[in-house]
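Since every read-out is calculated from the coordinates, none of them should be taken as a lab result. Because the structure is a prediction, the values reported are computed rather than measured. So basically every Cβ, Gly included, is an ideal-geometry build from the backbone, and we count neighbours across all protein chains shown.
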Amino acid sequence: MNTFRRAVLAALIPIVLVGCASAPMNRTLNAQLASAIQPLDLHVGIKQHEVYAEFEHSNLGAGAVACGAVPGLGLLLAAACGGALGAMDTSINADRAKVADEMVRPLKDMTVDARFDQLLHDTISKSLQGVPKMQFAHVALTKSVDDKTIEQTFRASTSNAVMFVILDYHLSRDFSSVEVSANGFLYPRSTSARTAAGLSAQSAEEDKGRVLRADQAAYRVEVTYRGVLPSVAPTPEGNIEMWKANNASLLRKAISDGATQVGRLLADDIQRAPGAERVVLGTADAGKGTKGELLATNEGAQLIRIPSGAFVYSTTVSAPLQQATAGTKVVQ
C-alpha cells in the first residue's frame, strides 16, 4: 500500500459514523387499544444475576466502512482491513471487560446475598400490576432475553397481548453512578388487539415470518434511573471504596431505589394518554454528555426526556436511613 493510501486510511479509521436521527422510541397506549389487549401476559426479563461495570467499547470496526471508501484499495484488501479492525475491537473489548470485572469483583462478592434480579422483578411487576384496568393473566420472570426466546414466548401465549420489560443494572465507566434501566415493549396478539393497533389481523399462528418487529410494538417505553454518589472521587478506585462502605449499603440502596423509581415511571407512562404532553421546565444534563428536556424535579432529583424520547431519572444516592441517623437523636 502506498503512502497516500496509508495516510487516507489512517485518517478514516477513527471516524465514527452516526446514523440519521430516529423518531422517538417511546410510544403511548391509547384507550381503545388498552381495552382490546386485556387480559395480557407480562414477562420481566433480566439475564444477569449480579452487578457489572460498564466500559468504553472500542470502535475501530467503524473504520471497516472507511476501508472500502479508499479509492483503489481493492475489495479483498478492504475486506481484510475491515476484518482486522473488527478482530482488534474484539480483543480490546475483552481486555477492557476483564479489567472492569476485576474492579467490580469486590462489590459482587459483598452483594452475593442481595438477589437483585428477584428484587427488580418483584418491584417492577408489582408496580405494573397496580395499574387500574390492566389485567395480567400471567406474570413471569425470565432469564433468557434473546430474540428467539422472546419470539417463542409471544407465540406460546394465549392472551390478547404480551408485554416484555427487559431490565439491566450496572455501574458507570468511572464507577460514580448506578444505572437501572427498563425497556418495555407491548405486542398485540389476538385479532381484535392487532386490529385496534392498526396492524394486520393475521394471528401469530398464521404469520410464518418474524412478528416482533419494533414497528409492530403497540406500546414502547425506555426508562433509566441514574443514581450518583453523594461525593464523586477523582478516581474509579476511590468511587469503588465509597460503594463498598458499610457492606455496600449505598450500592444496595441505589439498586433498590432504582427499581422503585423505574417501576413507578413505567406504571405512570403506560397510563399516559396520547398527546398528553408534559410541561418542559428547561434543559438538564442526563449524563454521558447527553442533554435533555427537564420535565420534573423533586428534592434534587430530575426527570429528563432525552432526544430519543426515553426518560432518565437522575438523582444523588442518599445514605440508608439507619446509617444516616446513626448516633443522632430523633425528635418526636
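Among residues other than GLU293 with Cβ under 10 Å from its Cβ, the summed charge is +3 (Lys and Arg +1, Asp and Glu -1).
A simple count of charges around LEU266, restricted to other residues whose Cβ falls under 13 Å of its Cβ and scoring Lys, Arg +1 and Asp, Glu -1, yields +1.
So how do 190-198, 97-105 stack up, highest first, on mean other-Cβ count within 10 Å?
Result, highest mean Cβ count within 10 Å first: 190-198, 97-105.
Using Cβ contacts closer than 10 Å as the measure, can you line up ILE306, ILE46 from fewest to most?
Values: ILE306 19, ILE46 22.
In order of increasing Cβ crowding within 10 Å: ILE306, ILE46.
Cross-link pairs exceeding 27 Å in C-alpha to C-alpha distance, out of LYS148/LYS244; LYS108/LYS143; LYS148/LYS253; LYS143/LYS291, comprise LYS148/LYS244; LYS148/LYS253; LYS143/LYS291.
Work out, in µm²/s and without decimals, the Stokes-Einstein translational diffusion coefficient of the stretch 249-304 at 25 °C, 0.890 mPa s, Rh from Kirkwood over C-alpha pairs.
Numbers: Rh = 13.0 Å.
My calculation gives 188 µm²/s for D.
When Rg and Dmax are taken over the Cα atoms of the stretch 93-227, they come to 18.1, 52 Å.
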